[in-house]
Amino acid sequence: MAQNYNPRDIDEKWQQRWATDGLYEVKDESSRPQFYALTMFPYTSGDLHIGHWYTMAPSDVYARFKRMQGYNVLHPMGFDAFGLPAENAAISHGIHPYEWTMRNIENMRRQLKSMGAMYDWRREVITCLPEYYRWTQWLFLKLYHAGLAYRAGAAVNWCPRCQTVLANEQVVGEGCCDRCGTTVTKKALEQWFFRITRYAEELLDYGGLDWPERTKAMQRNWIGKSEGAEISFRLDDPGTEQKEIRVFTTRPDTIFGVTFFLLAPENPLVRRLTAREHKAEVDEYVAWCRQQAEYERVAPGREKTGVFLGSYVINPLSGEQVPIWITDYVLPTYGTGAVMAVPAHDERDFAFARKFNLPVRMVIAPPDWPGEELAEAYTGPGIMVNSAGFSGMPSEQGYEAICDLLEKEGRGKRTVTYRLRDWLISRQRYWGAPIPIVHCQKCGTVPVPEEDLPVLLPPDAEFKPTGESPLKYSESFVNTACPGCGGLAQRETDTMDSFVCSSWYFLRYTSPQTTDAPFDDSRVKHWLPVDLYTGGAEHAVMHLFYARFFTKALRDIGLIDFDEPFTRLFNQGIIVYGEGKMSKSRGNVIAPDEYVAELGADAMRGYLMFIGPWELGGEWNDRGLVGISRWLNRVWKLVTTDYVPGAGQAEDADDAREFLHMTHKTIKKVGADLENLRFNTMLASLMEFTNYLSKIKERGAVPDSLWREAMSTLLLLMAPTAPHLAEEMWSKKGHSYSIHTRAWPEYNEDLAREEEIVLAIQIDGKLRDKVLVPASISEGEAKELALGRERVRSYINGKEVRSVIYVPQRVINIVLSPVQSG
């Protein structure tokens, strides 16, 4: 039997065989239970680096494991192919985005195949192809007809470098573009939006979902639900038609503490409410505010600025006249763009009042308040003071009482508001799905008829950014006939945010060849929702959030019958190299091709899973990869060289019993670790089992039948992690093709169960505790267990532990330092 392990030849051999045989082609009709295991598809950046492998290899291991457990597993792959990075790269290289993207896809597909993953490539989706984005446009029209897509003028986030609009979720850090890092500014444009705010409350419900708490918290924070009251303040300005301004507050119990009133500088009322003598100052301040980035305006610790308008509102409960100011920290996009300022009980209002010498009136007294003016705002609950008939009430009670009064008198109401804003999908760039809308002077905004889809991107358009959509300058694209009246009309020239394409791709995988619908209803019902979705946590408030919205919207339109796209979500960590996250922008990526060619795909797969817990990530180190390669070579030698029973000594019944225990314990442990995505400890168990088998082989300590059974078990346990090596050795051992169609081995609970012993715990030679432990407990585990026992800690009681003596499987003795006499 050949002894040399040549991973390059083995990888190529079996990848070709699997592809020829269609081993991983997924049949929709199956008697087996279905399982949809999906990994976030990659952006077409050009090359897969180790970070991509870290996302995809472990998820493939899990998919293979579920298949061996008897599931009919759908584990597809495709490419997220529209968007700014591809367009910018194409511009810099002087080629068309389509050519750049498809060239990248070809290379990335080759790299993905070298991984040996069980992707059914017949189901591949590529979002930039007309056969895909035709249905992205079709879904846009469905949302439009349902009132969930609309066009409106808005002050939008603008990236000067990318020359396009950004959604709120794409502005990160200190107000920077998430793609290029440029500081984002504001620009007034007519834009298309999806009405995601209609689903704000439902998007807060994660019932039935197994998602990381961190991701749910990020989404809840983005939605920003606030409960409070909307209160009407009457305008004390007879020259203004509008008679009131409504504000939202979470603290209606502080209404008697309002000493000034704030408007966003962009509020349309500012011009009408500005007194003549304040006009010049106000105009100058408004112009200044428009130049400020939103993150700067609300940054903690920023010095407060503002201007008095020379006009007033009337407090609805106290009847007081309250001066109106404008300030940059009130944003037009949040709430009503107006704030009732209560400086005694809000930190920003307090700083503003101190800056401009405005009154600070205490209306919620903290516990044991001596009646003196506080040095800072008090934001907690307390007893209401200086609040007319409500004084003396606990603030929680006062909250309800004041809301009752406001509602009774028609001056306010309890309400809920959200920080979430509608999803802005317009992009002034070429490389995206065209928005299927026509603008006609006679008919207005007209949707493109479904039978005329797709609206194709013109291949000859100039795609370099100018601040306007490149499609605007393509006469062959823009000029068209109105679908309504047949007259001259113009196409919408904005393209869609690429996140629209990725908000439904998981549906298309179920039937990518369907030509008369975005997906086949019966296959979606068969496969969806996704059982396990894996990918990066950085997508929490964009892709994951948008996909949830899309699913709920399509449900309400009647296209699907479930509420959530992904039942279980797992966010893997990141690979660090050179003390930073591996990414092309940092220039610290490691390409896998050279390592795979030298050491094989299985070594790369194994190392990435052994590097640390999958959710935490780890640091790349070539030595660790070499270590995994050596282990695979040891497995190769262990399996492919002959076993000689009784080579070192006579067979022993105790050896056979221990052998069966180790085998079944390993089956149990590896299966449990895989089910819980604990790949690093799964591999540790396989390595431990390999070492044990090597010692048994040296001694020939068990019958040949047991050895052969253990070899088959080892290969089956390794098959998800090292599919090429396992397939090759399975074949060499004379088994029928393929190991990847075999069932996952079962364990016997009685054989897998650890033998237990009673471990005595002594302190200074005196018995103080007993504990039942596995007989295989190590010295380190025994010491840690003993020192952590509550009864033992009570005897130690702060004394210094001088030493810990361990007698295997019998006793552990904790020796304390003698107490020094004074």
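The values are calculated or read from the model by the stated rules, or taken from the named source; none is laboratory data. Values in this document were obtained by computation on a predicted structure and should not be read as measured data. No Cβ is skipped: glycine too gets one built from the backbone with ideal geometry, and neighbour counts run over all protein chains shown. Quick note on the areas: whole protein, heavy atoms, side chains included, nothing else; ligands and nucleic acids left out. Shrake-Rupley method; radii C 1.70, N 1.55, O 1.52, S 1.80 Å.
Name the residues in the stretch 746-769 that are modelled with pLDDT of 90 or more, open to solvent by less than 90 Å² (accessible area, probe 1.4 Å) and charged (D, E, K, R), would you?
Hits for the stretch 746-769 are 749, 764, 768, 769.
Take the residues of the stretch 733-756 that are assigned to a helix (DSSP H, G or I), touching a His at 6+ places or on another chain (Cβ under 9 Å) and not acidic (Asp, Glu): which is farthest from residue 65 (Cα to Cα)?
The extreme case among them is 751.
Being assigned to a loop (DSSP other than H, G, I, E, B) and modelled with pLDDT under 95 is the filter here; which residues of the stretch 700-732 pass it?
Hits for the stretch 700-732 are 700, 701, 702, 703.
Name, by its number, the condition in (1) within 21 Å of residue 130 (Cα to Cα); (2) touching a Leu at 6+ places or on another chain (Cβ under 9 Å) that does not hold for residue 534.
Result: residue 534 fails condition (1) only.
Restricting attention to the stretch 374-388, report how many residues are in contact with a helix residue (DSSP H, G or I) (Cβ under 9 Å, 6 or more places away or on another chain) and open to solvent by 70 Å² or more (accessible area, probe 1.4 Å).
6
I'd like to verify a number: residues in the stretch 302-322 that are more than 14 Å from residue 264 (Cα to Cα), surrounded by 15 or more Cβ atoms within 10 Å (Cβ to Cβ) and either in contact (Cβ under 8 Å) with a residue 60 or more places away in the chain or touching a strand residue (DSSP E or B) at 6+ places or on another chain (Cβ under 6 Å) (or both), how many?
9
Report, ordered by the first and then the second residue, all pairs with beta carbons closer than 6 Å, sequence separation of six or more or different chains, a first member in the stretch 263-274 that is basic (Lys, Arg), and a second member that is surrounded by fewer than 24 Cβ atoms within 10 Å (Cβ to Cβ).
272/240
Of the numbered conditions (1) within 24 Å of residue 223 (Cα to Cα); (2) surrounded by 21 or more Cβ atoms within 10 Å (Cβ to Cβ), residue 343 fails exactly one; give the number of that condition.
(1)
Does residue 724 satisfy the criteria of being open to solvent by 20 Å² or more (accessible area, probe 1.4 Å) and either in contact with an Asp or Glu (Cβ under 7 Å, 6 or more places away or on another chain) or free of Cβ contacts under 8 Å to residues at least 40 places away in the same chain (or both)?
no
Please work out which one of (1) surrounded by 16 or more Cβ atoms within 10 Å (Cβ to Cβ); (2) of a type in the set (A, V, I, L, M); (3) under 23 Å from residue 155 (Cα atoms) is the condition residue 299 fails and give its number.
Condition (1) is where residue 299 drops out.
I want to confirm something. Restricting to the stretch 122-139 and keeping residues that are part of a loop (DSSP other than H, G, I, E, B) and open to solvent by 10 Å² or more (accessible area, probe 1.4 Å), which single residue is nearest to residue 510 (Cα to Cα)?
If we take residues in the stretch 122-139 being part of a loop (DSSP other than H, G, I, E, B) and open to solvent by 10 Å² or more (accessible area, probe 1.4 Å), then 124 is nearest to residue 510 (Cα to Cα).
Can you tell which of 510, 534, 515 is open to solvent by 10 Å² or more (accessible area, probe 1.4 Å), outside any helix (DSSP H, G or I) and not small (Gly, Ala, Ser)? Before the answer, list the steps.
Working: 510 fails: open to solvent by 10 Å² or more (accessible area, probe 1.4 Å); 534 fails: open to solvent by 10 Å² or more (accessible area, probe 1.4 Å).
Step by step, each of 510, 534, 515 is checked, and only 515 is open to solvent by 10 Å² or more (accessible area, probe 1.4 Å), outside any helix (DSSP H, G or I) and not small (Gly, Ala, Ser).
Among 706, 686, 660, 677, which is the only one that is in contact (Cβ under 8 Å) with a residue 40 or more places away in the chain, closer than 21 Å to residue 637 by Cα and surrounded by 16 or more Cβ atoms within 10 Å (Cβ to Cβ)?
Exactly one of 706, 686, 660, 677 is in contact (Cβ under 8 Å) with a residue 40 or more places away in the chain, closer than 21 Å to residue 637 by Cα and surrounded by 16 or more Cβ atoms within 10 Å (Cβ to Cβ), namely 706.
Residue 106 is checked against (1) surrounded by 19 or more Cβ atoms within 10 Å (Cβ to Cβ); (2) over 18 Å from residue 39 (Cβ atoms) and fails just one. What number does that condition carry?
(1)
Can you tell which of 814, 777 is part of a loop (DSSP other than H, G, I, E, B), open to solvent by less than 30 Å² (accessible area, probe 1.4 Å) and not acidic (Asp, Glu)?
Testing whether each residue is part of a loop (DSSP other than H, G, I, E, B), open to solvent by less than 30 Å² (accessible area, probe 1.4 Å) and not acidic (Asp, Glu) leaves just 777.
Mind listing whichever residues of the stretch 44-89 are of a type in the set (D, E, K, R) and either open to solvent by less than 10 Å² (accessible area, probe 1.4 Å) or modelled with pLDDT of 95 or more (or both)?
The answer is 60, 64, 66, 67, 80, 87.
Counting just the residues of the stretch 384-419 that are among the hydroxyl-bearing types (Ser, Thr, Tyr) and outside any loop (DSSP other than H, G, I, E, B), which one comes out farthest from residue 342 (Cα to Cα)?
This residue is 418.
With the structure loaded, tell me whether residue 597 is aliphatic (A, V, I, L, M) and touching a Lys or Arg at 6+ places or on another chain (Cβ under 9 Å) or whether it fails that test.
The answer is yes for residue 597.
Filter the stretch 689-703 for residues that are touching a Lys or Arg at 6+ places or on another chain (Cβ under 9 Å) and in contact (Cβ under 8 Å) with a residue 24 or more places away in the chain; which is most open to solvent (accessible area, probe 1.4 Å)?
Top of the filtered list is 694.
Conditions first: (1) part of a helix (DSSP H, G or I); (2) open to solvent by 60 Å² or more (accessible area, probe 1.4 Å); (3) in contact with a strand residue (DSSP E or B) (Cβ under 6 Å, 6 or more places away or on another chain); (4) not basic (Lys, Arg). Residue 772 passes all but one, so which condition is the exception?
(1)
If you check residue 563 against the conditions, is it modelled with pLDDT of 95 or more, outside any helix (DSSP H, G or I), open to solvent by 10 Å² or more (accessible area, probe 1.4 Å) and within 22 Å of residue 506 (Cα to Cα)?
yes
For residue 669, are the conditions met, namely being of a type outside the set (A, V, I, L, M, F, W, C), closer than 18 Å to residue 776 by Cα and under 33 Å from the mean Cα position of the chain (by Cα)?
The answer is yes for residue 669.
Every residue in the stretch 270-284 that is crowded, with 19+ Cβ neighbours inside 10 Å and in contact with a Gly (Cβ under 9 Å, 6 or more places away or on another chain), please.
273, 274, 282 - these are the residues of the stretch 270-284 that are crowded, with 19+ Cβ neighbours inside 10 Å and in contact with a Gly (Cβ under 9 Å, 6 or more places away or on another chain).
Kindly establish whether residue 390 is of a type outside the set (A, V, I, L, M), closer than 26 Å to residue 306 by Cα and modelled with pLDDT of 95 or more.
no
Only residues that are open to solvent by 10 Å² or more (accessible area, probe 1.4 Å) and in a strand (DSSP E or B): list them for the stretch 140-151, please. Before the answer, list the steps.
Of the stretch 140-151, the ones open to solvent by 10 Å² or more (accessible area, probe 1.4 Å) are 142, 144-147, 150-151.
Selection gives 150, 151.
Which condition from (1) open to solvent by 60 Å² or more (accessible area, probe 1.4 Å); (2) of a type outside the set (Asp, Glu); (3) touching a residue at least 60 places away in the same chain (Cβ under 8 Å); (4) not in a loop (DSSP other than H, G, I, E, B) is the one that residue 499 breaks?
Only one criterion in (1) open to solvent by 60 Å² or more (accessible area, probe 1.4 Å); (2) of a type outside the set (Asp, Glu); (3) touching a residue at least 60 places away in the same chain (Cβ under 8 Å); (4) not in a loop (DSSP other than H, G, I, E, B) is unmet by residue 499, namely (1).
Pull up the stretch 1-43, narrow it to residues that are small (Gly, Ala, Ser) and assigned to a loop (DSSP other than H, G, I, E, B), then point me to the one that is most open to solvent (accessible area, probe 1.4 Å).
So in the stretch 1-43, the residues small (Gly, Ala, Ser) come out as 2, 19, 22, 30-31, 37.
After this cut, where a residue has to be assigned to a loop (DSSP other than H, G, I, E, B) as well, the list is 2, 22, 30-31.
Working: 2: 58, 22: 15, 30: 47, 31: 124 Å².
Taking the candidates together, the pick is 31.
Just need a number here: residues in the stretch 56-107 that are closer than 21 Å to residue 568 by Cβ and in a helix (DSSP H, G or I).
So the answer is 13.
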